[in-house]
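K.L.:
One structure, pasted below without further comment.
Please treat every number below as a calculation from the coordinates, not as lab data. Values in this document were obtained by computation on a predicted structure and should not be read as measured data. FYI the Cβ positions are ideal-geometry reconstructions off the backbone, even for glycines, and counts take in every protein chain you see.
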């Protein structure tokens, strides 16, 4: 540890840095970062100078969920889990960290975004980057060749917030995957059906599901004349077409990636194509594309996929879009991505949300994505045995934001508890009687609360109900105790009725169905 | 990176270490550890030699949950969450990692067990060690002075598996806490009521909840003549009384902690005392203990606590036990711990459970614990404003193990899906019809599956139902299609009945209530 004088010097210097940034009106993020460093230095001093110099915040790119956000989150999860269960999925869970080497070589360029744990002796560990690689590791480790499972958990990415504002470094993924050797395109179609069902039930407005195939992309690159070793990098560039105009994408291809204008233009023709089954059929006749065996395999599967999607009644939202590329290395066949059509207004940042999420109205963009990855499990199997897999991941954070905004705008209050009745009293010295009655209710399975005060005012008891949405109050007084009744009050209508104590449980149940 | 020859040398040496351990019949854990190192070295080589040299395992001290374990976990969580909701709790969530300094100085000696993240630039982060400190940080950060919340999430401790076998490094905690300035002992009593309800509903056999108070412990140490600066460390020694005989505890006090025999014996008299309200009353008259203001405050509260516990009807399981100490630094008042009475047989380790959990039949010990921590929030508040808190944490991993064993022993099969009906066919070329019917069922909210094969055999379709517990099969054939019916088969009874297609949804619902 540095000595005290050194730290005090460092504090002085850092204080100047902060003052300078503030006077220059630097970004809030930049200032926060430097203030954090300053407070950390102060904390190092210990003693009175360091006392209470805590940086009272969550880690960069993360956030707490308050009870209201949790109530919304629960609602969203219930819809998603119901859908997964409707489709017969089991669920598994894996640890939040994996051996570092388990994640190595799976994410291409994005590997630099992986959080590593400090080497404190023992194994080298990293926080999971997605749920797909741990799933593949799980299958190989347990020699499972057949499973339909969902997994809902947080994943971690050290994303650069300057580039991708509004994104979090800790966020939920809701994954559904089907592993096993099956007839072509049936599980793939079910994944799309699931995305369709979930986005419909969440009532997020109109959406589209774009579909493409890695083999079609590769075939297209080949027939356009892209050298083999540039497939990956050109794929990344094509992937930007949802955020950039073709002109800029072309510029990147030519200037940065070294393609000729001619090749780029050929790609440009293909990637502007969108359609359905008909487009797949047409491209199978395309004189150039049909020369690629890979492309033909992809196009034939695409045709088959659409015929299943028709049976599943979801073709109204699915588009075969040749510009869809997706970044991850491990896809081998069909890929897809769901985008919402609406533009969402900027959320009002709450006090707990200082990090990210504070940008002006943006298109919500992709809320689900996935594809087929037939080679990933084999990377883990000691003998390289492959297990074909296809899956989809629902990106929940953006959906949460939309739901939160909808809740803000709605007149209906979000309840954060499910309490059915508050046990109250207007008179003094009845705490014991209140606790006794509350116990009766709890023991009968009723959700009940009681204020933790010996002699609370009736008004504050009623206010607690109004604030938290408790619909009923069970009021005890000397007279009620004598008569063996409880006064049951409807908070909204203010109606009161005496209920025999023996009937209270049934009465509460009846009124809070 | 080291050069190839160096690594090859290291591999050779490490190989000998492993061989030696194996020949010496060292513990599985020790061998696994060294094998892991060996494989990591091999992986460093890359190329063919490193290929598939993955260590196919989860990180030390962690495990996957397979679908069966998840089904049991869901059941346990449902019971716990229902109880928390019955008591009117909201829920929150916090990030899996916190700023390192947020955790600093909260856990005493246990701080060395905290997982740190690697410094990859930016903030210094640590994985959360419990849910209590993040909760206090959340309250201070959002200036919340009143809340009753639960939080179910994983926490992380680099525990030494040699010392605490059968424990995990990643494990769930289910916390319920009440923050706010209330009349004494009412929220404290509710926490105990909650432990009582949860352990009863989980049907884990008999249990006891031990209660004590930090102020009683401190007062007791003072009147016994323990010097102030030794309170903490003697407290840790007393805490071992549930695992060690008094004689050994005394030895530690005298030989390691430097107490006189006389003082140790005085402590010994007190810590052997157990009782209820009566014991608290008797100790308030104790000539020595009554001289401590602190002890008297604790004892008066203990009396009050027991009178509320009587109203809550839980005194049959609660014991005032002066030997209960609990390790964490932040407790300031009442503390408690629940222990199961039964001794649990050693679980049969599953293939996914190589880490830990493989020890011989042991007493399950503590499954819940908590207490009052009135000072913790103030440590985060810039002005040191205190928010009194009391809470309880349910230790779920041990409960899971017991439930898993019960499931193993039970004749009833644990279902891992909720599928109500499988759409099947005995004839060829009916995939499209099967998919169409499945879509009808999904769209009506029925949980339905269909095999992903064009022409599966009826036998394999029926086997899938038997294996996964699907109760109904909807069978389609040419004749059924012509007649507008579906043959509905009960898997268990093998009875079949033709149901008009329009009635199928209602019929499935009726039979799978």
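K.L.:
Write down the Å³ per residue value for the convex hull defined by the alpha carbon atoms of chain B. The partial results should precede the final answer.
P.N.:
Numbers: hull volume 115.8 nm³, N = 513.
Dividing the Cα hull volume of chain B by its residue count gives 226 Å³.
K.L.:
Shifting gears a bit: Give me the percent relative contact order of region B:410-484, please, defined on Cα pairs under 8 angstrom at least 6 residues apart. Display every interim value, and only then the final one.
P.N.:
Working: 97 pairs, mean separation 33.4, N = 75.
Relative contact order of region B:410-484: 44 percent.
K.L.:
Assuming 0.36 nm per residue, please report the length gained on full extension of the stretch residue A:201 to residue A:10 beyond their Cα-Cα distance.
P.N.:
On the way: separation 191, 0.36 × 191 = 68.76 nm, distance 5.51 nm.
Length gained, residue A:201 through residue A:10: 63.2 nm.
K.L.:
When you look at the Cβ of every residue in A:118-124, what mean number of other chain Cβ atoms sits within 10 Å? Provide the component values of the computation, followed by the final result.
P.N.:
Details: counts 10, 2, 7, 1, 8, 9, 3.
Counting other chains' Cβ atoms within 10 Å and averaging over A:118-124 gives 6.
K.L.:
Let me ask something else. To one decimal in nm, how far is residue A:429 from the same spot in the other copies, if labels go 7 Å from Cα toward Cβ? Please give the shortest first.
P.N.:
Residue A:429 label point versus its equivalents elsewhere: 9.0 nm.
K.L.:
Let's test the formula: R0 of 45 Å, r as the Cβ-Cβ distance of residue A:297 and residue A:74. What FRET efficiency results, to the nearest 0.05? Let's see the in-between values first.
P.N.:
Working: r = 43 Å, r/R0 = 0.96.
After rounding to 0.05, the efficiency reads 0.55.
K.L.:
Rounded to the nearest 5, what % of DSSP beta bridges with both residues in region A:399-495 are antiparallel?
P.N.:
Just about 35 percent of them are antiparallel.
K.L.:
Further question: Shortest first and in nm with one decimal, please list how far the residue A:313 label point sits from its counterparts in the other copies (point 7 Å along Cα→Cβ).
P.N.:
In nanometres, ordered from closest: 4.9.
K.L.:
Same structure again: From other protein chains only, count the Cβ atoms within 10 Å of every residue's Cβ in A:97-105, then give the mean. Mind dumping the intermediate values first?
P.N.:
Values: counts 10, 4, 11, 4, 8, 6, 0, 2, 1.
The mean count of partner-chain Cβ atoms within 10 Å per residue comes to 5.
K.L.:
Something else about it: Taking the beta-carbon count within 10 Å as an exposure proxy, list A:379, A:273 from fewest neighbours to most. Write down the numbers at each step before the final one.
P.N.:
Values: A:379 20, A:273 15.
Arranged by neighbour count, lowest to highest, A:379, A:273 become A:273, A:379.
K.L.:
Okay, next question. Between helix B:396-409 and chain B, what is the angle of the helix's C-alpha long axis to the longest principal axis, kept within 0 to 90° and rounded to the nearest 10?
P.N.:
The two axes meet at around 50 degrees.
K.L.:
Just which residue of chain A brings its Cβ nearest the axis of rotation onto chain B, and by how many angstrom, rounded whole?
P.N.:
A:118, 2
K.L.:
Counting only C-alpha contacts under 8 Å and six or more residues apart, can you give the relative contact order of chain A as a whole percent? Spell out each step's value before the answer.
P.N.:
Values: 817 pairs, mean separation 69.5, N = 513.
With pairs under 8 Å counted, the relative contact order is 14 percent.
K.L.:
If you don't mind, another one. Which distances, shortest first and in nm, link residue B:229 to the matching position in the other copies, using label points set 7 Å out along Cα to C-beta?
P.N.:
Inter-copy label distances (nm, one decimal, shortest first): 6.9.
K.L.:
Just the ratio, please: alpha-carbon radius of gyration of region B:380-468 over 2.2 N^0.38 Å, N its number of residues.
P.N.:
Working: Rg = 24.0 Å, N = 89, 2.2 N^0.38 = 12.1 Å.
Here the answer is 1.98, to two decimals.
K.L.:
If you don't mind, there's one more thing I want to ask. Let a ≥ b ≥ c be the square roots of the eigenvalues of the Cα gyration tensor of region B:98-145; is it rounded (a/c under 1.5), or, if not, prolate (a/b larger than b/c) or oblate? Present the calculation step by step, with values, prior to reporting the outcome.
P.N.:
On the way: a/c = 2.68, a/b = 1.35, b/c = 1.98.
Since a/c reaches 1.5 but b/c is at least a/b, the shape of region B:98-145 is classed as oblate.
K.L.:
From the Cα gyration tensor of region A:124-225, with a ≥ b ≥ c the square roots of its eigenvalues, which class applies: rounded if a/c is under 1.5, or else prolate if a/b is larger than b/c, or else oblate?
P.N.:
On the way: a/c = 1.22, a/b = 1.08, b/c = 1.13.
Rounded.
K.L.:
Can you compute the label reach from residue A:467? Point 7 Å from Cα along the Cβ direction, backbone N cut-off under 11 Å, restricted to region A:401-417.
P.N.:
Under cut-off, by backbone N: nothing.
K.L.:
Next question. Would you compute, for the Cα atoms of the protein assembly as shown, the largest minus smallest coordinate along each principal axis and list the three values in descending order, in whole Å?
P.N.:
102, 75, 70
K.L.:
Quick one: A:213, A:316, B:374, fewest Cβ neighbours within 10 Å first, how do they rank?
P.N.:
Values: A:213 30, A:316 9, B:374 17.
So the ranking, lowest neighbour count to highest, is A:316, B:374, A:213.
K.L.:
Report for chain A the percent antiparallel among DSSP-assigned beta bridges with both residues inside it, nearest 5. Spell out each step's value before the answer.
P.N.:
Numbers: 51 of 64 bridges.
If I count the DSSP bridges inside chain A, around 80 percent turn out antiparallel.
K.L.:
With n ≥ 4 as the cut-off for DSSP H runs, can you work out [θ] at 222 nm for chain A, using -39500 (n - 2.57) per run divided by the number of residues, rounded to the nearest 500? All intermediate terms of the calculation are to be shown ahead of the outcome.
P.N.:
On the way: 19 runs with 212 residues, N = 513.
Counting only the DSSP helices, I get -12500 deg cm²/dmol.
K.L.:
A further question follows. I need to check one value: relative contact order of region B:361-454, counting alpha carbon pairs closer than 8 Å and at least 6 residues apart, in percent.
P.N.:
On the way: 88 pairs, mean separation 19.2, N = 94.
Relative contact order of region B:361-454: 20 percent.
K.L.:
Right, another one. Among DSSP beta bridges whose residues both lie in the protein assembly as shown, state the antiparallel percentage, nearest 5. Mind showing how you got there, number by number?
P.N.:
On the way: 105 of 131 bridges.
Counting DSSP beta bridges with both partners in the protein assembly as shown, the antiparallel share is about 80 percent.
K.L.:
Let me ask another. Once fully extended, how much extra length lies between residue A:429 and residue A:119, figured as 0.36 nm per residue of separation less the alpha-carbon to alpha-carbon distance?
P.N.:
On the way: separation 310, 0.36 × 310 = 111.60 nm, distance 5.94 nm.
Fully extending the segment from residue A:429 to residue A:119 adds 105.7 nm.
K.L.:
Sticking with this structure for a sec: For A:400, A:380, what's the fewest-to-most ordering of other Cβ within 10 Å of each Cβ? Numbers along the way, then the final one.
P.N.:
Working: A:400 18, A:380 21.
Listed from fewest to most nearby Cβ atoms, that is A:400, A:380.
K.L.:
Decide, for region A:445-513, between rounded, prolate and oblate: order the square roots of the alpha carbon gyration tensor eigenvalues as a ≥ b ≥ c, take rounded if a/c falls under 1.5, and otherwise choose prolate if a/b is larger than b/c, else oblate.
P.N.:
Details: a/c = 1.58, a/b = 1.12, b/c = 1.42.
It comes out oblate by the Cα gyration axes.
K.L.:
Moving on. Determine by what factor the alpha-carbon radius of gyration of region A:183-248 differs from 2.2 N^0.38 Å, reporting the quotient. Intermediate results must be reported in sequence, preceding the final value.
P.N.:
On the way: Rg = 15.9 Å, N = 66, 2.2 N^0.38 = 10.8 Å.
So region A:183-248 has a normalised radius of gyration of 1.47.
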